[in-house]
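Participant: Just passing along the structure, written as C-alpha cells.
The values are calculated or read from the model by the stated rules, or taken from the named source; none is laboratory data. What you are looking at is a predicted structure, and each value in this text was computed from that prediction instead of being measured. Methodologically, a virtual Cβ is constructed for each residue, glycine included, from the backbone with ideal geometry; neighbour enumeration extends over all protein chains shown. Protein only, heavy atoms only, side chains kept; ligands, DNA and RNA dropped before computing areas. Shrake-Rupley method; radii C 1.70, N 1.55, O 1.52, S 1.80 Å.
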Amino acid sequence: MAETALTGTTVAEVLAELAELEDPKTREVNEKHGDDHGVNLSKLRALGKRLKTQQELASRLWETDDTAARLLAILICRPKAFERDELDVMLREARTPKVHDWLVNYVVKKNPHSEELRLAWSADPDPVVASAGWALTTERVAKKPEGLDLAGLLDVIEAQMKEAPARLQWAMNHCLAQIGIEHAEHRTRAIDIGERLEVLKDYPTSPGCTSPFAPVWITEMVRRQHDK
C-alpha cells in the first residue's frame, strides 16, 4: 500500500513540476500544430534525464492523458518492456501529433513487436494509425530494406498519396523521399511520382532547411551524400 501511495505522490510531484514549466507563449505555438501543452521540449528532456528510466512512473504518467506528462512518460519508459497490444492501444490514445511522433520514434521503433505493428498499422483504416505504419516502413527503407517490396510501396504511394489526409500524406511522402534517397534504382521513378503529384510542393520552408517536396528533398540529400 505504501508503494502505491509513493507512486501516487511521485506522479503528483511530476505534474506539479510540469505545471511550473508551463509557458503560455510555448503553448500558443504548440497549439497551432495540434499539441495542447506549453512546456519547452528542452526543459522536458532535462526533467526526463533527471528522473532517468522509471517504467512504473511512465505508465502512471501516461494514464493522466496530459500531453506534457505523456511526452515525459515516453522519455523515461523502457521501450522493450511493452507488449504489442499495449503499444497498439497507446498509439490510438495518442491524441496529439507530438505524442504520436515520439511514441513511434522513441518507443515502437525500439520494441521487438515493431515489425508486427508496422504491418498491422499500415493496413489500418484510421489514417493517423496508418501514418505510424508508414513511419515504421520509412525506417526500414533506410535501415533494413531487405524483404521490402519497394516498387510495390511506390505503387501504393502513387495511387493514394495525393488524396490522403494530411498526417498520412506526410508519412507517405517521407517514405517516397527515403526510397528515392537510399535506393538509386528507384530514384527516377520516385522523383517522377513526386513531380506529378506535387504533394507539399508549395510547403513553406525556412531558410537553410530542405523542402519536404520529394523531388527537391531527394536531389538535395543525394547531392550531400556525394559531397561527403
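Participant: Evaluate the following for residue 96: is it surrounded by fewer than 20 Cβ atoms within 10 Å (Cβ to Cβ), of a type in the set (S, T, N, Q) and within 17 Å of the chain's Cα centre (by Cα)? Break it down into steps so the answer makes sense when it comes.
Facilitator: On the way: surrounded by fewer than 20 Cβ atoms within 10 Å (Cβ to Cβ): yes; of a type in the set (S, T, N, Q): yes; within 17 Å of the chain's Cα centre (by Cα): yes.
Answer is yes for this residue.
Participant: Residue 57 versus (1) within 16 Å of residue 101 (Cα to Cα); (2) open to solvent by less than 40 Å² (accessible area, probe 1.4 Å): which is the lone unmet condition?
Facilitator: In the conditions (1) within 16 Å of residue 101 (Cα to Cα); (2) open to solvent by less than 40 Å² (accessible area, probe 1.4 Å), residue 57 misses (1) alone.
Participant: If we keep just the residues of the stretch 104-113 that are part of a helix (DSSP H, G or I) and surrounded by fewer than 22 Cβ atoms within 10 Å (Cβ to Cβ), which is nearest to the chain's Cα centre (by Cα)?
Facilitator: Among them, the one singled out is 105.
Participant: Take the stretch 114-140 and flag every residue that is farther than 21 Å from residue 182 by Cα, open to solvent by less than 50 Å² (accessible area, probe 1.4 Å) and either basic (Lys, Arg) or not in a helix (DSSP H, G or I) (or both).
Facilitator: The one that is farther than 21 Å from residue 182 by Cα, open to solvent by less than 50 Å² (accessible area, probe 1.4 Å) and either basic (Lys, Arg) or not in a helix (DSSP H, G or I) (or both): 124.
Participant: Here are some residues: 14, 39, 29. Which one is over 26 Å from residue 114 (Cα atoms) and modelled with pLDDT under 95?
Facilitator: When all the criteria are applied, what remains is 29.
Participant: Next question. Report whether or not residue 65 is over 13 Å from residue 10 (Cα atoms) and exposed (fewer than 13 other Cβ atoms within 10 Å of the Cβ). Outline the logic, then answer.
Facilitator: Numbers: over 13 Å from residue 10 (Cα atoms): yes; exposed (fewer than 13 other Cβ atoms within 10 Å of the Cβ): yes.
Yes, satisfied.
Participant: Just the residues that are of a type outside the set (Gly, Ala, Ser), closer than 17 Å to residue 115 by Cβ and assigned to a loop (DSSP other than H, G, I, E, B), please, taken from the stretch 145-162.
Facilitator: 145, 146, 148, 149
Participant: Check the stretch 188-211 and report whether any residue there is acidic (Asp, Glu), at pLDDT 95 or above, under 21 Å from residue 125 (Cα atoms) and open to solvent by less than 80 Å² (accessible area, probe 1.4 Å).
Facilitator: Among the residues of the stretch 188-211, not one is acidic (Asp, Glu), at pLDDT 95 or above, under 21 Å from residue 125 (Cα atoms) and open to solvent by less than 80 Å² (accessible area, probe 1.4 Å), which makes the answer no.
Participant: Scan the helices (runs of 4 or more DSSP H) fully inside the stretch 1-103 and keep the ones with 1 or more residues being touching a helix residue (DSSP H, G or I) at 6+ places or on another chain (Cβ under 7 Å), touching a residue at least 40 places away in the same chain (Cβ under 8 Å) and under 24 Å from residue 135 (Cβ atoms).
Facilitator: Of the helices (runs of 4 or more DSSP H) lying wholly inside the stretch 1-103, those with at least 1 residues that are touching a helix residue (DSSP H, G or I) at 6+ places or on another chain (Cβ under 7 Å), touching a residue at least 40 places away in the same chain (Cβ under 8 Å) and under 24 Å from residue 135 (Cβ atoms) span 55-63, 67-76, 84-93, 97-102.
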